[in-house]
Amino acid sequence: MSFYVTTPIYYVNAAPHLGHAYTTIAADVMARHHRQRGEEVFFLTGTDEHGEPVADAAHALGIEPQELADRNAERFKALAPQLEVSNDFFIRTTDPQHEAKVQEVLSRVRENGFVYMGTYEGWYCPRCADFKADSEIDEGNRCPIHHIELTREQEDNYFFRLSAFQERLEELYAEREDWVAPRTRYNEALSFIRSGLRDVPLTRHKLTWGVPVPWDEEHVFYVWFDALLNYYSALSYAPSPEGVPAGSDLTATFWPANHHLIAKDILRFHTVYWPALLMAAELELPEHIFVHGYLLMEGEKMSKSLGNVLDPFAVIERFGADALRFYLMRDVPFGQDGSVSTTSFELRYESELANELGNLASRTIAMIAQFRQGTVPPGEVDPVLAEDFTGLPARVAGHIDRAELTLALDEIWQRVRRLNRYVEEQAPWRLAKDDSRGEDLDSVLRSLAEGLRAVTVLLWPYLPSSAERLLGALGASDLSLASAELGAGAIERVSPIDSLFPKDTQPAAS
Ligand code: MSP
């Protein structure tokens, strides 16, 4: 089995912010989970470096686009390890191998008869690098996303015959109802298609910052076609990920992608242009596109250009990457918009990470140390508890297969709470005072240790470093999904552990 997941490639016109971190974390949760299933996994992220968004930002700074791209690509690259993100490759669209692949695929699209010369006239947002249909324009000729005034463009370009795919796209949507999720996004994409597809520019005449068009050197490819192809091109030159023999044909192993994760701002490109382009190039289509919502601050989409950015680096510095990952996956239902704030972050951190999981771990380990000198009594898990864990790994896997990352986390978290209730119900400290209840105490301690181990294995994709530390203290290193079954592990001894989520973290000095 193989599993291939992608994030959008981010524009290097500005530094990364929490919105970018969000999608990347989500993709990481999926990648890690599939590695737990023993699958061959390829997880791709990277940067989109061509086109007006980057060229304009560079010129505003008085530098060349390549210089800005180099500078910001480094920052995006550096963000991944800070978020504990385990991407297998980082693609930059200025990689020469990517550029060559773009030229190869788009030449094929032309040979297949889907490219012609025409004149484009219409409204354009240079921040989106998007030609806007009349129905997509805000009052005062403004971009609904960036709120800037649109420019009127008229240029002779090569066009992609998107209209030729009207019927095939409608068929695709009819045959594969789960190809775009959530359902509202599927409906949105389908209604855009049904409203009638118009051909779109494939190249830009006016721009020079892009991949040169091989059959006409006066043009570069329109940045979106260059960018979308990253998902395919990366496989032609990335090194093999862990677990896949070096030198393997990654395209054969991983194409088509299983999941593209995106936010709704780039829905049309991924759900309409992208499948049409792949059809035109005779390539297989990805299995799923999952469209998550926006992280909002004060009701506005967080974005660098709007200046309402919550700095992920500051959060990580104070609370650690795991806390940020947990907060984003837990607080904002994946697939919907959600407001984020430092207040709600701190609330989740304290009430759930510190009080529910952190205390469960420290209490369990402390009681085993105190009552049984750190040795976990062997035997079966208490059936009362086991009942509430039956089928849990499969349920979590089912949610993650549908990119329902918040639902999956909630399934797990209910068991964290169940374990805390179990402690209260059984009151091991009372059992410890009664010599005749020794076996009951053994059973409770063992069940707690095993329950904690099982939930921790399931939490690993969300909280990788805390989970590893905790499993280390439990002497249980198996991270496989199979080992998340209650009773699958046999903990012998536990060792002391420092607080997983300390409450006395100091605000970062500003
Ligand atoms: N370069 C294009 C994508 C090309 S993909 C072939 C682009 N780049 S971007 O830098 O603007 O990134 C957009 C993506 O960043 C969104 O689709 C989403 O994944 C993520 N997000 C950026 N801001 C976000 C929020 N405020 N909330 C949620 N996701 C956010 O578009």
Unique residue being at pLDDT 95 or above and open to solvent by less than 10 Å² (accessible area, probe 1.4 Å) when the list is PHE89, PHE42: PHE42
Flag for LEU283 being in contact with a helix residue (DSSP H, G or I) (Cβ under 9 Å, 6 or more places away or on another chain), assigned to a loop (DSSP other than H, G, I, E, B) and more than 22 Å from PHE90 (Cα to Cα): yes
The range 368-398, residues that are within 15 Å of LEU458 (Cβ to Cβ), small (Gly, Ala, Ser) and not in a helix (DSSP H, G or I): GLY391
Count of residues meeting criterion [open to solvent by 10 Å² or more (accessible area, probe 1.4 Å) and either of a type outside the set (Asp, Glu) or outside the structural domain of GLU352 (by TED's automatic domain parsing) (or both)] in the range 399-434: 16
Answer from SER240, SER233, SER163, SER191 - the residue that is within 25 Å of PHE3 (Cβ to Cβ), in the same structural domain as LEU295 (by TED's automatic domain parsing) and away from the ligand (no atom under 16 Å from the Cβ): SER240
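Taking the conditions exactly as written (under 30 Å from SER163 (Cα atoms), within 12 Å of the ligand (Cβ to nearest atom), under 13 Å from the mean Cα position of the chain (by Cα) and open to solvent by less than 10 Å² (accessible area, probe 1.4 Å)), does THR7 satisfy them or not?
Numbers: under 30 Å from SER163 (Cα atoms): yes; within 12 Å of the ligand (Cβ to nearest atom): yes; under 13 Å from the mean Cα position of the chain (by Cα): yes; open to solvent by less than 10 Å² (accessible area, probe 1.4 Å): yes.
Yes, satisfied.
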Residue within the range 167-186 that is within 25 Å of GLY335 (Cβ to Cβ) and among the small types (Gly, Ala, Ser) present: yes
Near pairs, Cβ below 8 angstrom, 6+ apart or cross-chain, from the range 270-288 (over 22 Å from ASP130 (Cβ atoms)) to any residue that is within 12 Å of the ligand (Cβ to nearest atom) and open to solvent by less than 10 Å² (accessible area, probe 1.4 Å): GLU287/ALA257; HIS288/HIS260
Those residues of the range 252-271 which are within 12 Å of the ligand (Cβ to nearest atom) and closer than 16 Å to ASN230 by Cβ, in sequence order: ALA257, HIS260, LEU261, ILE262, ILE266, PHE269, HIS270
Scan of the range 344-357 for residues that are open to solvent by 10 Å² or more (accessible area, probe 1.4 Å) and more than 24 Å from the chain's Cα centre (by Cα), ordered by number: GLU350, SER351, ASN355, GLU356
Every residue from the range 287-318 that is more than 12 Å from the ligand (Cβ to nearest atom) and modelled with pLDDT of 95 or more: GLU287, HIS288
Failed item in (1) touching a Phe, Trp or Tyr at 6+ places or on another chain (Cβ under 8 Å); (2) among the polar types (S, T, N, Q); (3) touching a residue at least 24 places away in the same chain (Cβ under 8 Å); (4) open to solvent by 40 Å² or more (accessible area, probe 1.4 Å), with ASN112 passing the rest: (1)
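Can you give me the ranges of the helices (runs of 4 or more DSSP H) entirely in the range 157-263 with at least 2 residues that are open to solvent by 20 Å² or more (accessible area, probe 1.4 Å) and farther than 16 Å from SER107 by Cα?
Numbers: elements: 166-175, 183-194, 223-228, 230-237, 250-254.
Correct list: 166-175, 183-194, 230-237, 250-254.
Do the conditions hold for ALA133, that is, is it buried (at least 21 other Cβ atoms within 10 Å of the Cβ) and under 17 Å from LEU202 (Cα atoms)?
Numbers: buried (at least 21 other Cβ atoms within 10 Å of the Cβ): no; under 17 Å from LEU202 (Cα atoms): yes.
Considered against the rule, which asks whether it is buried (at least 21 other Cβ atoms within 10 Å of the Cβ) and under 17 Å from LEU202 (Cα atoms), ALA133 comes out as no.
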Lone qualifier among PHE160, PHE165, PHE192 - being touching a strand residue (DSSP E or B) at 6+ places or on another chain (Cβ under 7 Å) and modelled with pLDDT of 95 or more: PHE160
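The values are calculated or read from the model by the stated rules, or taken from the named source; none is laboratory data. Nothing here was measured: the structure is a model prediction, and the numbers come from that model. Cβ atoms come from the backbone with ideal geometry, glycine included; neighbour counts cover every protein chain shown. Each accessible area value is taken on the protein alone, full model and side chains, heavy atoms only, with ligands, DNA and RNA left out. Shrake-Rupley method; radii C 1.70, N 1.55, O 1.52, S 1.80 Å.
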